[in-house]
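The values are calculated or read from the model by the stated rules, or taken from the named source; none is laboratory data. Since the structure is predicted, the reported quantities are computational estimates derived from the model, not experimental observations. Quick reminder, even Gly has a Cβ in these numbers, built from the backbone with ideal geometry, and neighbours come from all protein chains shown.
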Amino acid sequence: SPCIVWLRRDLRLADQAAFAAVAATGPVIPVYVLDDETPRHRRMGGAARWWLHHSLASLDAALRERGSRLILRRGRCEEVLAAIAGETGASAVHALHHYEPWWRNAEKAVGKRLALHLHHGNYLAPPGTVLTGAGTPYRIFTPFWRALGELMPPLAPLPAPARIMPPAAWPASEPLADWALLPRAPDWAGGLRAAWRPGEDEARARLEAFAGKAARYEATRNLPAGDGTSLLSPHLHFGEVSPAQVWHAVAGAGGSVGTFLGELGWRDYAQNVIVQFPEYGARAARPEFADLAWRTGPAAEADLRAWRRGRTGYPIVDAGMRQLWATGWMHNRVRMIAASFLVKHLLIDWREGEQWFWDTLVDADYGSNAVNWQWVAGSGVDANMFVRIMAPLVQSEKFDAAGYIRAWVPELAGLSDSEIHDPPDHRRPRGYPARIIEHRAARERALAAHGAAKGAR
Ligand code: FAD
């Protein structure tokens, strides 16, 4: 009887342990379930839905080249998969482990109804298995990474199956277009289409292109104007490429490739955190943050809107927020600056920022997003101290963001390199906002609010 391969954020054929386990054993039914109903489900954001649409189309095409296809259904995973098993006589479901709280719920529910075989391969090491000498999970990145390093390199990637046997009859599949994953009117996805091509082929091409530059990562990764990073994050999030493939493609590059692998380690670390703290996307790990008097009300809401739209009057923040809106991605250095600005300068709850990123990032990832927001806010199990407040204008100069600002804030394009980071009032073009708040006043307000929350404990 056929086997079901249940796909989620593992939309690839190479180094995909579920396909590898069953491709040689008999007929296979690849299934993607759009599940907005499983308990604790967090509805995928708009930019991620755009990506998902194209990634599913790409995977379906790759499957068809191998004699197979992708079955699309909506509903609760366990109900949909049980129905398909009933229709086709499928006896078992193979899938890769996922760690978001809702996917763990779905795995439990599927496991109760069907023979579910879960495989590893979306992380360098299975989250939850990298443990201290005392057998407990790590909370801090650096010792986690040291311990993970002991388990490296990951196993060599598995090849894609040359052929995947179809079942005697295909179960019904919904048309992808019916899922309405793409924006209708207004079509906000033009910038996404220009910036990205979802799917396994492009993921491989990006990886190959980056492998040639990986040795220089340390020197270039913090410069938002350059292209020093891999741009693999949405491909990794959707599993179009595996971290083992990335590791083996770059590990021999020499130079500062170790710094790059450490960033890949953060991706594993984030899952290790959400396995321990499933609510990490919604709850601060440090107790004093429950008492922090975040700003609310009309003035704070207006500031939040200005931040989202890239109209804070701080060029580096505005450039980042506009890059995010246009392309679904923002450079990591600027993510840190923009996130810090929201939390500390505007004193707005980090969860507002986490939600906006969730909706607008093509790489929106429950674990990575929450871990990074809590790191920036200072509320996480491993975090930057709240009282260390980033100065956006200093950061902008230090990381040479003039070209980046010109690209994303065209109103400022005529300013010189020395003026563009912090345009003097008389040089601010009309239409570009004044600074929403002064750095010194913002800093004092943030420190006072944090001090009061700590004092309340
Ligand atoms: P590279 O520098 O080439 O790094 C390679 C890969 O390592 C990335 O593709 C990514 O998978 C992983 N990685 C790198 N840095 C981190 C990190 N700090 N944490 C976790 N993984 C990392 N990354 C996401 O994938 N999804 C998110 O939702 C997300 N939200 C973030 C929110 C904030 C506030 C901040 C400061 C960072 C966030 N990041 C997130 C991390 C990081 O900014 C992106 O992974 C990175 O910018 C992606 O670009 P790249 O692929 O060129 O990265």
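Quick notes on this structure:
- Among the residues of the stretch 10-62, just one is over 25 Å from Ala156 (Cα atoms), among the basic types (Lys, Arg) and over 16 Å from the mean Cα position of the chain (by Cα), namely Arg40.
- Residue selected from the stretch 15-38 under the condition in a loop (DSSP other than H, G, I, E, B) and in contact with a helix residue (DSSP H, G or I) (Cβ under 7 Å, 6 or more places away or on another chain), by the criterion farthest from Ala85 (Cα to Cα): Asp15
A quick yes/no check of all residues on (1) outside any loop (DSSP other than H, G, I, E, B); (2) within 21 Å of Ala62 (Cβ to Cβ); (3) within 13 Å of the ligand (Cβ to nearest atom):
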residue: Trp170; (1), (2), (3): no, yes, no
residue: Arg184; (1), (2), (3): no, no, no
residue: Pro198; (1), (2), (3): no, yes, no
residue: Ala215; (1), (2), (3): yes, no, no
residue: Glu218; (1), (2), (3): yes, no, yes
residue: Leu223; (1), (2), (3): no, no, yes
residue: Val241; (1), (2), (3): no, yes, yes
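- Restricting the first member to the stretch 356-378 and to residues that are in contact (Cβ under 8 Å) with a residue 40 or more places away in the chain, and the second to residues that are assigned to a loop (DSSP other than H, G, I, E, B) and within 8 Å of the ligand (Cβ to nearest atom), the beta-carbon pairs closer than 7 Å and six or more apart or on different chains are Trp358/Ala364; Leu361/Trp329; Val362/Trp329; Asp363/Trp329.
Let's see how each residue does on (1) farther than 12 Å from Asp349 by Cα; (2) in contact (Cβ under 8 Å) with a residue 24 or more places away in the chain:
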| position | (1), (2) |
| --- | --- |
| Gln276 | yes, yes |
| Pro287 | yes, yes |
| Gly297 | yes, no |
| Leu304 | no, yes |
| Gly310 | yes, yes |
| Pro315 | yes, yes |
| Asp318 | yes, yes |
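- Looking across the stretch 415-433, just one residue is at pLDDT 95 or above and exposed (fewer than 12 other Cβ atoms within 10 Å of the Cβ), and that is Ser416.
- Candidates in the stretch 65-107 are the residues that are touching a Cys at 6+ places or on another chain (Cβ under 8 Å) and assigned to a loop (DSSP other than H, G, I, E, B); of these, the one that is nearest to Thr129 (Cα to Cα) is Ser91.
- The listed residue being assigned to a loop (DSSP other than H, G, I, E, B), crowded, with 22+ Cβ neighbours inside 10 Å and not assigned by TED's automatic domain parsing to the domain that holds Glu100, out of Ala370, Ala364: Ala364
- Some residue of the stretch 300-311 being in a helix (DSSP H, G or I), under 17 Å from Ala377 (Cα atoms), touching a Ser or Thr at 6+ places or on another chain (Cβ under 9 Å) and assigned by TED's automatic domain parsing to the domain that holds Val409: no
- Candidate set: the stretch 372-419, residues that are among the charged types (D, E, K, R) and away from the ligand (no atom under 16 Å from the Cβ); chosen: the one nearest to Gly320 (Cα to Cα): Arg406
- Residue within the stretch 246-259 that is away from the ligand (no atom under 15 Å from the Cβ) and either outside the structural domain of Asp422 (by TED's automatic domain parsing) or surrounded by 18 or more Cβ atoms within 10 Å (Cβ to Cβ) (or both) present: yes
- In the set (1) buried (at least 20 other Cβ atoms within 10 Å of the Cβ); (2) within 27 Å of Trp145 (Cβ to Cβ); (3) more than 12 Å from the ligand (Cβ to nearest atom), the condition left unmet by Pro315 is number (2).
- Filter result (surrounded by fewer than 23 Cβ atoms within 10 Å (Cβ to Cβ) and near the ligand (Cβ under 8 Å from one of its atoms)) within the stretch 336-353: Met336
- Some residue of the stretch 251-263 being part of a loop (DSSP other than H, G, I, E, B) and in contact with a Lys or Arg (Cβ under 9 Å, 6 or more places away or on another chain): yes
- Top-ranked residue in the stretch 397-427 [being part of a loop (DSSP other than H, G, I, E, B) and touching a residue at least 24 places away in the same chain (Cβ under 8 Å); ranked as farthest from the chain's Cα centre (by Cα)]: Pro423
- Lone qualifier among Leu236, Leu207 - being near the ligand (Cβ under 9 Å from one of its atoms), assigned to a helix (DSSP H, G or I) and buried (at least 19 other Cβ atoms within 10 Å of the Cβ): Leu236
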